[in-house]
Amino acid sequence: MALPARSPSQKTITWLARGALALVLAWNLQAALALVLAPEAHAAGFGVTGIPGRVVVRGLGILFLMWNVPYVAALIHPRRQIVPFACAVVAQFIGLAGETWLFITLPPDYPALRATGLRFIAFDGTGFVLLVAAFALVWHSRQSAE
C-alpha cells in the first residue's frame, strides 16, 4: 500500500526514526565486527579460551550480523518498511530479555561473565528504548496519514 505524501512533521519523524535505527545498527555492527575480527580480545569475557573460544566468539559475532538484517531494511524507509522495523524492535527485545535472563541465572562467582552480561543488558536496553520510541512515532504518523 502506498503511503500518502508526507507532511513536514512526517519527514521529521522519518528522519528521527532513521537516526535511532542508524545509531542502534551502528552499535550492533560495531559489537558484531569486534567479535568477528578480534575474537581473542573478547573470549575471556565469555569465559572461553583457545581455538574453541575463538570459534564461539566469532560465531556470536556472525549471529549479531544476522540479527541486524531487519534494521537495514527499516533504515531505508522506516514508514514504508514497518514490518522490518517491527522485527528490529522485537529482535532488540529478545536480546534484552535473553541477556537479562542469562544474567539473573548466572551464579555470582563468575564476575567476567556477569560484567559482560551487564554490558549487553545496558547496550540492548538503550537500543530497545530508542527503537520503541522511534517505532511509536512512525506508527502514529502512519495512522495519522491514513
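Only the coordinates and a few stated rules stand behind these numbers; no lab work does. Owing to the predicted nature of the structure, the values given are computational and were not obtained by experimental measurement. Please note: Cβ atoms are built from the backbone with ideal geometry, for glycine as well, and neighbour counts cover all protein chains shown.
List of remarks:
- Debye log10 I(q)/I(0) for the range 8-145, one point scatterer per Cα, at q = 0.11, 0.12, 0.18 Å⁻¹: -0.45, -0.52, -0.96
- Here Leu131, Leu37, Leu96 are placed in order of increasing Cβ neighbour count within 10 Å, fewest first, which gives Leu37, Leu96, Leu131.
- Efficiency of FRET between Ala41 and Val129 - r from beta-carbon atoms, R0 22 angstrom, step 0.05: 0.20
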